[in-house]
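The values are calculated or read from the model by the stated rules, or taken from the named source; none is laboratory data. This one's a predicted model, so the numbers in the text were calculated from it and none came from an experiment. Note: ideal-geometry Cβ built from the backbone for every residue, glycine included; neighbour counts use all protein chains shown. SASA here: full protein model, heavy atoms, side chains in, ligands and nucleic acids out. Shrake-Rupley method; radii C 1.70, N 1.55, O 1.52, S 1.80 Å.
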Amino acid sequence: MLPFAAALLLSPVSTPVELPSSPAPLHGTLLSPEGRTRAAAVIIPGSGPTDREGNSPQFGIQAATYRLLAEGLAERGVATVRIDKRGIGESAAAGASEADLRFSAYAEDARAWAAEAAAKTGRPCAWLIGHSEGALVALAVVQGGDDKVCGLVLLSGAGRPAGVVLREQLAALPEPLKTEAYAAVEELEAGRTVANPPASLAALFRPSVQPYLISWLALDPAKLAAAYDGPLFIGQGTTDIQVTLADAEALNAAQPRAELAIWDGVNHVLKVAPAERAANVATYMDPALPLAPGVVEAVADFVLKPR
């Protein structure tokens with residue numbers, strides 16, 4: 001066994017990183033391997049107020065998925081930058097007003113982080129590891145090419161347009177509310193704002209968020225995957241209660257060159273979980289619960305594969 005001091009010397013090195021931005025800098029954490037850095041990656045967070053660790057404290061989510069992923073990858077020689085998205089955590093001051101936010105802002109930030117991660121680690125490029133909505137961000141980054149992006153790792157990412165998924169989620173609404181909600185989605189898909197959304201759905205369709213929804217609904221992840229000719233990995237768990245196997249299969253069908261990994265009994269936050277909802281959601285609140293076996297290994301093997 002190594003002496004305690006020697007063990008400390010062999011630990012991965014965690015360094016705060018800052019990316020110039022307007023109106024304020026963006027912030028993240030660079031976790032470098034203890035030895036040679038074999039590859040670099042940026043972990044792109046999912047939707048909502050998700051921070052660099054993979055947590056959304058205001059919703060009680062403390063899964064620490066991104067920290068655990070970064071630590072596992074560092075053990076295999078992969079340096080990662082995990083980030084507080086614009087408007088969240090230490091990057092809160094960089095947030096635009098809700099009415100001014102567009103999906104493209106997240107893609108532009110991820111592109112800049114890829115260049116920064118490559119520069120900080122001395123690598124020619126960095127991988128984009130997008131989780132949940134972060135997978136769509138990663139796909140949006142590489143449209144038209146980006147020589148600072150080595151390839152994409154999409155974890156628990158949607159494979160169908162957001163409008164399709166929204167309609168599935170709204171299908172249980174009673175009439176006439178469901179019809180009104182569907183009509184609102186249709187208008188937003190067409191690029192038009194909705195003047196008087198149903199009051200009971202104001203949290204989803206409030207006027208200030210509609211420009212962002214329009215920019216998001218215009219994207220089709222399967223079409224974006226089909227257009228990408230770089231290395232692509234798709235990872236999906238079978239007990240994910242937010243994104244389904246149909247999404248992973250849609251991405252893979254659109255881009256058959258991709259490597260597809262299906263993890264049995266793994267949920268949206270990449271932990272072992274049953275399909276039963278309450279027990280599944282309980283894993284979102286447990287940072288001590290490790291990532292499911294095989295997840296880190298599959299991502300590392302793909303990133304480090306000789307090409």
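Which sequence of L101, L188 reflects their accessible areas, 1.4 Å probe, from the largest down?
Values: L101 35, L188 0 Å².
Descending order: L101, L188.
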Could I have the simple spin-label model distance between K305 and S11, label points 7 Å from Cα toward Cβ, reported in nm to one decimal?
-> 3.4
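Might you report the magnitude of the Cβ-based charge dipole of the stretch 148-222 about its Cα centre, with Lys and Arg at +1 and Asp and Glu at -1, to the nearest 20 debye? Kindly include the intermediate steps, with their values, before the conclusion.
Details: 6 positive and 7 negative charges, 55 e Å.
Roughly 260 debye for the stretch 148-222.
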For the stretch 54-142, which trypsin sites (Lys or Arg not before Pro) are both in a DSSP coil and crowded by at most 14 other Cβ atoms within 10 Å?
-> R102
Pairwise centroid distance, computed over Cα atoms, of the stretch 26-78 with the stretch 108-143, Å = 13
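Taking GluC sites (Glu not before Pro) as candidate sites, keep only those in a DSSP loop with at most 16 other Cβ atoms within 10 Å, then name the longest stretch of the chain containing none of them.
Values: sites that count: E34, E75, E276.
My reading of the result: 76-275 is the longest stretch.
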Note on the chain, DSSP bridge orientation, antiparallel percent to nearest 5 equals 40
Exposure of F302 as accessible area (Å², to 10), given a probe of 1.4 Å and all protein chains | 10
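Students sometimes get this wrong: rank V209, V272 by accessible area, probe 1.4 Å, all chains present, largest first. Mind dumping the intermediate values first?
Numbers: V209 20, V272 90 Å².
Output order, biggest surface exposure first: V272, V209.
Of D220, D301, D147, which has the most accessible area and how do the rest follow, probe 1.4 Å? It would help to have the intermediate numbers written out before the result.
Details: D220 40, D301 100, D147 130 Å².
The ranking, largest first, comes out as D147, D301, D220.
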Counting only protein heavy atoms and using a 1.4 Å probe, what share of the accessible area of the chain belongs to carbon plus sulfur, as a whole percent?
-> 58
Filtered hits (lysines, Cα-Cα < 25 Å from K305, offset >= 8 within chain) -> K120, K148, K271
With all protein chains present, calculate the accessible area of S22 using a 1.4 Å probe and round the result to the nearest 10 Å².
-> 90
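Rg/Rh for the chain: what does it come to with C-alpha atoms and Rh from Kirkwood? Before the final figure, lay out each step's value.
Details: Rg = 19.3 Å, Rh = 19.9 Å.
We get a ratio of 0.97 for the chain.
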From the Cα centre of the stretch 203-277 to that of the stretch 278-307, the distance in Å is 16
Please list, in chain and number order, the residues 5+ apart from L26 or on another chain whose amide H is under 5 Å from its amide H, with Hs placed from the backbone.
-> L19, S21
Search the structure for amide H atoms under 5 Å from the amide H of A292, placed 1.01 Å from N in the peptide plane, and list their residues when 5 or more places away or on another chain.
-> K271, V272
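Of all trypsin sites (Lys or Arg not before Pro) in the stretch 174-238, which ones are in loop regions per DSSP and have a Cβ with at most 15 other Cβ atoms within 10 Å?
Values: sites: K178, R192, K223; in loops: R192.
Sites meeting the loop and neighbour criteria: R192.
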Would you kindly derive the ³J(HN,Hα) couplings of the stretch 20-27 from the backbone phi angles with the Karplus curve 6.51 cos²θ - 1.76 cosθ + 1.60 (θ = phi - 60°), listing them in order in whole Hz, with x for Gly and Pro?
-> x, 6, 10, x, 7, x, 9, 10
Per residue solvent-accessible surface (Å²) - the stretch 126-264, probe of 1.4 Å = 42
